[in-house]
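Student: Quick one: the structure is below, questions incoming.
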Amino acid sequence: MLLFRLMIASVLALPLCLRYWRQIDARYWRGLLWLSFLNYVMVMIPEFVGVKYTSAASATTIIGLSPILTVFIGHFFFRDRAHWFVWLCGVAAFAGVALLIAGGKSSGEISLWGCTLVMLGNTVFCAVLRPSQKMIEKVGVQAFTSITMAVAPLLCLPASLTLADSLHIDWNWRGTLGLVYLGVCCSWLAYNLWNIGMKTVSANFSGILSALGPIFGAWLAVLILGEQISALSWLGIVLVVAATLAAVFVPKWLRRREAAQGVRYVE
(Lines give C-alpha, C1' and ligand atoms only; values in the text may rest on other atoms or scores of the structure.)
Protein backbone atom coordinates (compact mmCIF):
# COMPACT_ATOMS: atom_id res chain seq x y z
CA MET A 1 0.00 0.00 0.00
CA LEU A 2 2.77 2.43 0.90
CA LEU A 3 4.64 1.71 -2.34
CA PHE A 4 1.56 2.36 -4.51
CA ARG A 5 0.75 5.46 -2.47
CA LEU A 6 4.21 6.88 -3.13
CA MET A 7 4.05 5.89 -6.81
CA ILE A 8 0.85 7.90 -7.29
CA ALA A 9 2.39 10.92 -5.58
CA SER A 10 5.58 10.47 -7.63
CA VAL A 11 3.68 10.59 -10.91
CA LEU A 12 2.05 13.86 -9.87
CA ALA A 13 5.41 15.31 -8.79
CA LEU A 14 7.32 14.15 -11.89
CA PRO A 15 6.59 17.16 -14.18
CA LEU A 16 8.03 19.63 -11.65
CA CYS A 17 10.88 17.25 -10.89
CA LEU A 18 11.91 17.18 -14.57
CA ARG A 19 11.75 20.96 -14.57
CA TYR A 20 14.00 21.48 -11.57
CA TRP A 21 16.42 18.56 -11.43
CA ARG A 22 18.86 20.07 -13.95
CA GLN A 23 18.95 23.30 -11.94
CA ILE A 24 20.01 21.65 -8.67
CA ASP A 25 23.66 22.02 -7.74
CA ALA A 26 25.44 18.65 -7.58
CA ARG A 27 26.44 19.20 -3.94
CA TYR A 28 22.78 19.12 -2.87
CA TRP A 29 21.85 15.76 -4.41
CA ARG A 30 23.18 13.56 -1.62
CA GLY A 31 21.24 15.57 0.95
CA LEU A 32 18.05 15.45 -1.14
CA LEU A 33 18.24 11.67 -1.49
CA TRP A 34 18.88 11.20 2.22
CA LEU A 35 15.99 13.50 3.15
CA SER A 36 13.69 11.66 0.73
CA PHE A 37 14.68 8.32 2.27
CA LEU A 38 14.18 9.58 5.81
CA ASN A 39 10.93 11.48 5.19
CA TYR A 40 9.17 8.87 3.08
CA VAL A 41 10.71 5.54 4.08
CA MET A 42 12.04 5.76 7.63
CA VAL A 43 9.01 7.76 8.78
CA MET A 44 6.20 6.00 6.95
CA ILE A 45 7.20 2.34 7.19
CA PRO A 46 7.39 2.20 11.02
CA GLU A 47 4.13 4.13 11.26
CA PHE A 48 2.32 1.92 8.73
CA VAL A 49 3.56 -1.30 10.34
CA GLY A 50 2.74 0.11 13.78
CA VAL A 51 -0.87 0.82 12.79
CA LYS A 52 -1.16 -2.86 11.85
CA TYR A 53 -0.69 -3.75 15.51
CA THR A 54 -2.41 -0.88 17.29
CA SER A 55 -5.45 1.34 16.86
CA ALA A 56 -5.72 4.41 14.66
CA ALA A 57 -6.66 6.52 17.67
CA SER A 58 -3.50 5.57 19.55
CA ALA A 59 -1.33 6.15 16.47
CA THR A 60 -2.65 9.66 15.90
CA THR A 61 -2.24 10.46 19.59
CA ILE A 62 1.44 9.49 19.46
CA ILE A 63 1.92 11.50 16.27
CA GLY A 64 0.41 14.40 18.21
CA LEU A 65 3.59 14.41 20.31
CA SER A 66 5.46 15.93 17.33
CA PRO A 67 5.79 19.47 18.75
CA ILE A 68 7.29 18.23 22.03
CA LEU A 69 9.61 15.77 20.28
CA THR A 70 10.73 18.52 17.89
CA VAL A 71 11.67 20.79 20.80
CA PHE A 72 13.51 18.00 22.65
CA ILE A 73 15.50 17.03 19.55
CA GLY A 74 16.32 20.70 18.95
CA HIS A 75 17.53 21.00 22.54
CA PHE A 76 19.92 18.04 22.39
CA PHE A 77 21.13 18.14 18.77
CA PHE A 78 20.57 21.64 17.33
CA ARG A 79 21.39 23.95 20.28
CA ASP A 80 17.82 25.21 20.34
CA ARG A 81 17.35 25.26 24.11
CA ALA A 82 13.98 24.14 25.43
CA HIS A 83 12.21 26.10 28.16
CA TRP A 84 11.80 24.40 31.54
CA PHE A 85 8.05 24.35 31.04
CA VAL A 86 8.42 22.20 27.92
CA TRP A 87 10.12 19.50 29.98
CA LEU A 88 7.21 19.53 32.41
CA CYS A 89 4.73 19.27 29.55
CA GLY A 90 6.79 16.46 28.05
CA VAL A 91 6.46 14.40 31.21
CA ALA A 92 2.69 15.02 31.20
CA ALA A 93 2.38 14.12 27.51
CA PHE A 94 4.24 10.84 27.84
CA ALA A 95 2.17 10.06 30.93
CA GLY A 96 -0.86 10.57 28.70
CA VAL A 97 0.51 8.05 26.21
CA ALA A 98 0.99 5.57 29.06
CA LEU A 99 -2.64 6.05 30.10
CA LEU A 100 -3.74 5.62 26.49
CA ILE A 101 -1.91 2.29 26.19
CA ALA A 102 -3.05 1.08 29.60
CA GLY A 103 -6.66 1.92 28.81
CA GLY A 104 -6.54 0.03 25.50
CA LYS A 105 -4.89 -3.18 26.69
CA SER A 106 -8.14 -4.58 28.03
CA SER A 107 -9.81 -4.40 24.61
CA GLY A 108 -6.70 -5.57 22.77
CA GLU A 109 -6.93 -2.70 20.25
CA ILE A 110 -3.85 -0.86 21.53
CA SER A 111 -0.46 -2.57 21.80
CA LEU A 112 2.87 -1.39 23.17
CA TRP A 113 4.73 -2.78 20.13
CA GLY A 114 2.53 -0.94 17.65
CA CYS A 115 2.79 2.31 19.62
CA THR A 116 6.58 1.94 19.79
CA LEU A 117 6.84 1.62 16.01
CA VAL A 118 4.65 4.68 15.49
CA MET A 119 6.79 6.59 18.00
CA LEU A 120 9.93 5.56 16.09
CA GLY A 121 8.58 6.90 12.80
CA ASN A 122 7.38 10.09 14.47
CA THR A 123 10.79 10.64 16.10
CA VAL A 124 12.52 10.36 12.72
CA PHE A 125 10.02 12.83 11.27
CA CYS A 126 10.74 15.36 14.01
CA ALA A 127 14.50 14.84 13.67
CA VAL A 128 14.55 15.70 9.95
CA LEU A 129 12.36 18.80 10.25
CA ARG A 130 15.27 21.21 10.65
CA PRO A 131 17.51 19.65 7.95
CA SER A 132 14.53 19.65 5.58
CA GLN A 133 13.85 23.29 6.38
CA LYS A 134 17.47 24.22 5.62
CA MET A 135 17.41 22.31 2.33
CA ILE A 136 14.19 24.05 1.32
CA GLU A 137 15.91 27.40 1.90
CA LYS A 138 18.72 26.33 -0.44
CA VAL A 139 16.83 24.75 -3.35
CA GLY A 140 13.28 26.09 -2.98
CA VAL A 141 9.99 24.50 -1.96
CA GLN A 142 8.90 23.19 -5.36
CA ALA A 143 12.27 21.70 -6.22
CA PHE A 144 12.64 20.04 -2.83
CA THR A 145 9.13 18.60 -2.75
CA SER A 146 9.01 17.38 -6.34
CA ILE A 147 12.48 15.79 -6.36
CA THR A 148 12.22 14.04 -2.99
CA MET A 149 8.73 12.80 -3.83
CA ALA A 150 9.67 11.60 -7.32
CA VAL A 151 12.50 9.37 -6.08
CA ALA A 152 10.64 8.12 -2.97
CA PRO A 153 9.14 4.97 -4.61
CA LEU A 154 12.57 3.78 -5.75
CA LEU A 155 13.98 4.26 -2.26
CA CYS A 156 10.98 2.53 -0.72
CA LEU A 157 10.92 -0.45 -3.11
CA PRO A 158 13.41 -2.74 -1.28
CA ALA A 159 11.71 -2.28 2.09
CA SER A 160 8.22 -2.71 0.62
CA LEU A 161 9.12 -5.97 -1.13
CA THR A 162 10.84 -7.26 2.01
CA LEU A 163 8.06 -6.41 4.45
CA ALA A 164 5.07 -7.26 2.23
CA ASP A 165 2.92 -10.09 3.64
CA SER A 166 2.14 -11.17 0.09
CA LEU A 167 2.86 -9.89 -3.41
CA HIS A 168 -0.63 -10.89 -4.54
CA ILE A 169 -3.07 -7.97 -4.84
CA ASP A 170 -6.83 -8.55 -4.81
CA TRP A 171 -7.90 -5.40 -6.64
CA ASN A 172 -11.31 -3.89 -5.89
CA TRP A 173 -12.80 -0.47 -6.42
CA ARG A 174 -12.90 0.49 -2.72
CA GLY A 175 -9.23 -0.30 -2.22
CA THR A 176 -8.29 1.45 -5.46
CA LEU A 177 -10.14 4.62 -4.46
CA GLY A 178 -8.46 4.45 -1.07
CA LEU A 179 -5.03 4.24 -2.68
CA VAL A 180 -5.81 7.18 -4.98
CA TYR A 181 -6.91 9.25 -1.99
CA LEU A 182 -3.78 8.34 -0.03
CA GLY A 183 -1.50 9.12 -2.97
CA VAL A 184 -3.13 12.38 -4.09
CA CYS A 185 -4.40 13.93 -0.86
CA CYS A 186 -2.36 12.43 1.97
CA SER A 187 0.97 12.33 0.11
CA TRP A 188 1.23 14.73 -2.85
CA LEU A 189 -1.03 17.51 -1.57
CA ALA A 190 -0.21 17.16 2.14
CA TYR A 191 3.57 17.22 1.67
CA ASN A 192 3.36 20.17 -0.72
CA LEU A 193 1.35 22.17 1.81
CA TRP A 194 3.62 21.09 4.67
CA ASN A 195 6.81 22.12 2.86
CA ILE A 196 5.30 25.47 1.85
CA GLY A 197 4.41 26.05 5.49
CA MET A 198 7.90 25.15 6.71
CA LYS A 199 9.30 27.90 4.51
CA THR A 200 7.45 30.58 6.43
CA VAL A 201 7.41 29.36 10.06
CA SER A 202 9.93 27.97 12.53
CA ALA A 203 10.53 24.24 13.00
CA ASN A 204 9.06 24.38 16.49
CA PHE A 205 5.91 26.15 15.36
CA SER A 206 5.49 23.92 12.29
CA GLY A 207 4.49 21.03 14.55
CA ILE A 208 1.81 22.91 16.45
CA LEU A 209 -1.21 21.79 14.43
CA SER A 210 -0.18 18.15 14.76
CA ALA A 211 -1.24 18.48 18.40
CA LEU A 212 -4.81 18.53 17.11
CA GLY A 213 -4.25 15.19 15.34
CA PRO A 214 -5.37 13.07 18.30
CA ILE A 215 -8.69 14.91 18.44
CA PHE A 216 -9.56 14.32 14.78
CA GLY A 217 -7.88 10.91 14.71
CA ALA A 218 -9.79 9.55 17.70
CA TRP A 219 -13.08 10.97 16.44
CA LEU A 220 -12.64 9.47 12.96
CA ALA A 221 -11.44 6.16 14.41
CA VAL A 222 -14.67 5.85 16.36
CA LEU A 223 -16.90 7.17 13.57
CA ILE A 224 -15.43 5.31 10.59
CA LEU A 225 -13.53 2.33 12.00
CA GLY A 226 -15.83 1.64 14.93
CA GLU A 227 -12.96 1.59 17.43
CA GLN A 228 -13.85 1.45 21.12
CA ILE A 229 -11.91 3.91 23.29
CA SER A 230 -12.03 3.44 27.04
CA ALA A 231 -12.43 6.30 29.50
CA LEU A 232 -8.81 5.86 30.59
CA SER A 233 -7.59 6.09 26.99
CA TRP A 234 -9.70 9.22 26.44
CA LEU A 235 -8.06 10.73 29.51
CA GLY A 236 -4.65 9.94 28.01
CA ILE A 237 -5.61 11.58 24.70
CA VAL A 238 -6.82 14.73 26.46
CA LEU A 239 -3.62 14.86 28.52
CA VAL A 240 -1.41 14.55 25.43
CA VAL A 241 -3.30 17.29 23.57
CA ALA A 242 -3.34 19.66 26.56
CA ALA A 243 0.34 19.12 27.36
CA THR A 244 1.40 19.58 23.74
CA LEU A 245 -0.56 22.79 23.27
CA ALA A 246 0.77 24.12 26.58
CA ALA A 247 4.34 23.26 25.56
CA VAL A 248 3.95 25.38 22.44
CA PHE A 249 2.04 28.38 23.78
CA VAL A 250 3.12 28.85 27.41
CA PRO A 251 6.87 29.39 26.72
CA LYS A 252 5.98 32.03 24.12
CA TRP A 253 3.71 33.74 26.64
CA LEU A 254 6.45 33.62 29.29
CA ARG A 255 9.00 35.17 26.91
CA ARG A 256 6.60 37.99 26.02
CA ARG A 257 5.95 38.56 29.71
CA GLU A 258 9.67 38.67 30.51
CA ALA A 259 10.27 41.05 27.60
CA ALA A 260 7.47 43.33 28.76
CA GLN A 261 8.86 43.38 32.30
CA GLY A 262 12.30 44.21 30.90
CA VAL A 263 10.91 47.16 28.97
CA ARG A 264 9.12 48.50 32.03
CA TYR A 265 12.30 48.07 34.09
CA VAL A 266 14.33 50.12 31.59
CA GLU A 267 11.70 52.80 31.52
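Student: Inspect all residues belonging to the stretch 211-218 and state whether any of them is open to solvent by less than 80 Å² (accessible area, probe 1.4 Å), modelled with pLDDT under 80, of a type outside the set (Gly, Ala, Ser) and within 23 Å of ILE110 (Cβ to Cβ).
Tutor: Yes, the conditions are met somewhere in the stretch 211-218.
Student: Next up: Please state which one of LEU38, LEU33, LEU18 is at pLDDT below 95 and out of contact with any Asp or Glu (no Cβ under 6 Å at 6 or more places or on another chain).
Tutor: The unique qualifying residue is LEU18.
Student: I've got another one for you. Exactly one of (1) surrounded by fewer than 21 Cβ atoms within 10 Å (Cβ to Cβ); (2) within 13 Å of the chain's Cα centre (by Cα); (3) of a type outside the set (Ser, Thr, Tyr) is unmet by LEU112. Its number?
Tutor: (2)
Student: Separate question: When the stretch 26-84 is examined, which residues are found to be not aliphatic (A, V, I, L, M) and not in a helix (DSSP H, G or I)?
Tutor: Going residue by residue through the stretch 26-84, those that are not aliphatic (A, V, I, L, M) are 27-31, 34, 36-37, 39-40, 46-48, 50, 52-55, 58, 60-61, 64, 66-67, 70, 72, 74-81, 83-84.
Scanning the stretch 26-84 gives THR54, SER55, GLY64, PHE78, ARG79, ASP80, ARG81, HIS83.
Student: Inside the stretch 85-124, can you point out the residues that are modelled with pLDDT of 90 or more and either farther than 16 Å from HIS75 by Cα or not in a helix (DSSP H, G or I) (or both)? Spell out how you get there, then give the answer.
Tutor: First pass over the stretch 85-124, keeping only residues modelled with pLDDT of 90 or more: 113-124.
Passing the criteria: TRP113, GLY114, CYS115, THR116, LEU117, VAL118, MET119, LEU120, GLY121, ASN122.
Student: List, please: which pairs have Cβ atoms under 8 Å, are six or more places apart or on different chains, and start with a residue in the stretch 1-24 that is within 19 Å of LEU155 (Cα to Cα) and in contact (Cβ under 8 Å) with a residue 60 or more places away in the chain and end with one that is open to solvent by 30 Å² or more (accessible area, probe 1.4 Å) and assigned to a loop (DSSP other than H, G, I, E, B)?
Tutor: Between residues of the stretch 1-24 that are within 19 Å of LEU155 (Cα to Cα) and in contact (Cβ under 8 Å) with a residue 60 or more places away in the chain and residues that are open to solvent by 30 Å² or more (accessible area, probe 1.4 Å) and assigned to a loop (DSSP other than H, G, I, E, B), there is no close pair.
Student: Next up: Quick one: in the stretch 125-143, of everything that is small (Gly, Ala, Ser) and either open to solvent by 50 Å² or more (accessible area, probe 1.4 Å) or assigned to a helix (DSSP H, G or I) (or both), which residue is farthest from MET42 (Cα to Cα)?
Tutor: The initial filter retains those residues of the stretch 125-143 that are small (Gly, Ala, Ser), namely 127, 132, 140, 143.
Then keep just the ones that are either open to solvent by 50 Å² or more (accessible area, probe 1.4 Å) or assigned to a helix (DSSP H, G or I) (or both); that gives 127, 132, 143.
Details: ALA127: 11, SER132: 14, ALA143: 21 Å.
Once the filter is applied, the top-ranked residue is ALA143.
Student: Among the residues of the stretch 74-101, which ones are farther than 14 Å from ILE237 by Cα, of a type in the set (A, V, I, L, M) and crowded, with 17+ Cβ neighbours inside 10 Å?
Tutor: Those that are farther than 14 Å from ILE237 by Cα, of a type in the set (A, V, I, L, M) and crowded, with 17+ Cβ neighbours inside 10 Å: ALA82, VAL86.
Student: OK, next. Quick one: how many residues across the stretch 56-73 are touching a Gly at 6+ places or on another chain (Cβ under 7 Å) and open to solvent by 10 Å² or more (accessible area, probe 1.4 Å)?
Tutor: Selection size over the stretch 56-73: 4.
Student: Condition first: touching a Gly at 6+ places or on another chain (Cβ under 8 Å) and of a type outside the set (A, V, I, L, M, F, W, C). Can you find one or more residues in the stretch 21-37 that meet it? Show your work before the answer.
Tutor: At the first step, the residues of the stretch 21-37 found to be touching a Gly at 6+ places or on another chain (Cβ under 8 Å) are none.
The answer is no; no qualifying residue exists.
Student: Further question on the same structure: Conditions first: (1) in contact with a Pro (Cβ under 8 Å, 6 or more places away or on another chain); (2) open to solvent by 20 Å² or more (accessible area, probe 1.4 Å). VAL118 passes all but one, so which condition is the exception?
Tutor: (2)
Student: Working only within the stretch 17-34, note down all residues that are of a type in the set (A, V, I, L, M, F, W, C) and farther than 9 Å from ALA150 by Cα.
Tutor: Within the stretch 17-34, the first condition is being of a type in the set (A, V, I, L, M, F, W, C), and the residues that meet it are 17-18, 21, 24, 26, 29, 32-34.
LEU18, TRP21, ILE24, ALA26, TRP29, LEU32, LEU33, TRP34, listed by residue number.
Student: Can you go through SER160, SER146 and tell me which one is of a type in the set (Ser, Thr, Tyr), part of a helix (DSSP H, G or I), within 15 Å of PHE4 (Cα to Cα) and open to solvent by less than 90 Å² (accessible area, probe 1.4 Å)? Steps first, please.
Tutor: Details: SER146 fails: within 15 Å of PHE4 (Cα to Cα).
Only one candidate qualifies: SER160.
Student: ALA9 is checked against (1) farther than 16 Å from LEU182 by Cβ; (2) at pLDDT 85 or above; (3) surrounded by 21 or more Cβ atoms within 10 Å (Cβ to Cβ) and fails just one. What number does that condition carry?
Tutor: (1)
Here's the yes/no breakdown for (1) part of a helix (DSSP H, G or I); (2) out of contact with any Ser or Thr (no Cβ under 7 Å at 6 or more places or on another chain); (3) at pLDDT below 75:
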{"residue": "SER166", "(1), (2), (3)": "no, yes, no"}
{"residue": "TRP171", "(1), (2), (3)": "no, yes, no"}
{"residue": "ASN192", "(1), (2), (3)": "yes, no, no"}
{"residue": "ILE196", "(1), (2), (3)": "yes, yes, no"}
{"residue": "LEU223", "(1), (2), (3)": "yes, yes, no"}
{"residue": "GLY226", "(1), (2), (3)": "no, yes, no"}
{"residue": "LEU232", "(1), (2), (3)": "yes, yes, no"}
{"residue": "VAL250", "(1), (2), (3)": "yes, yes, no"}
{"residue": "ARG264", "(1), (2), (3)": "yes, yes, yes"}
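The values are calculated or read from the model by the stated rules, or taken from the named source; none is laboratory data. Just so it is clear, the structure is predicted and the values come from calculations on it, not from any experiment. Every residue, glycine as well, gets a Cβ built from its backbone with ideal geometry; the counts of neighbours run over all protein chains shown. Note: areas computed on protein heavy atoms with side chains; ligands, DNA, RNA excluded. Shrake-Rupley method; radii C 1.70, N 1.55, O 1.52, S 1.80 Å.
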